[in-house]
Amino acid sequence: GIPGFLGAPTVVSTTNYRRVFGQTLDFALQAPTHHLWKGGTFTTSLGATAFNESLGQRGLAPSMTVGFQQSLNRWGSFQLDYTYNRSADLFSVSDLTNLVTGTLTLTPAKRLSATGQITQSLSDHSFYASTALDYALDRKWRVGLFSDYSTFADIIDGPPTDTYLDYGWSLGRLIGQRELTLNWSHQRNQIYFELGGFQL
């Protein structure tokens, strides 16, 4: 069932259900970085995703990113990106094609770092924000706080309806080139492990 879809719970029939298999191939062309002034750079990149699915969908989805980055000397950096990406059509989320993303990275002290990111969809006003605050205990251990917030537009009506908020803490240790973390989040309300991108 899909609660709330078309205003009422909907039963999805599995009678004609077919698994979808496919292949994707990504291309990217990065233009040379253009230096605007001291600490300020401008970048552009063009890309495309070629896809072929078992249900008969195939094609080429273009993408483009234009970015500006400003160094804040030893304090960190600020970056602003505009992304146009039609590959969202592969997942039937065609409204997430025009995105503006701002990222702020700060290092106010030797062992303290903070990161904040905001992404706004210009197509349907979906919104995503994340923050992280980390303190390095030494070269291998760190403790941190994190939060995530998002609102996504309703599939039918358009205005944002689905809201998600999460926050928690993490304790991490470097093992070779990867980090093993012990985490807790409000949404899960339980302790879990992560190693690189893998979770337990």
(request) Between A136 and W37, take the C-beta separation as r, use R0 = 25 Å, and let me know the FRET efficiency to the nearest 0.05. (result) 0.20
(message) If I take R0 = 30 Å and measure r between the Cβ atoms of F127 and S45 in this structure, what FRET efficiency does the formula 1/(1 + (r/R0)^6) give, to the nearest 0.05?
(response) 0.80
(message) Which order do the peptides 130-136, 24-30 come out in when sorted by mean C-beta neighbours inside 10 angstrom, highest first?
(response) 130-136, 24-30
(message) Sort 117-123, 137-143, 177-183 by packing, meaning the average of other beta carbons within 10 Å per residue, with the highest value first.
(response) 117-123, 177-183, 137-143
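No lab work stands behind these numbers, since they all come straight from the coordinates. Keep in mind that this is a model prediction, so the values were computed, not measured. Note that we place each Cβ from the backbone using ideal geometry, even for glycine, and neighbour counts take in every protein chain shown.
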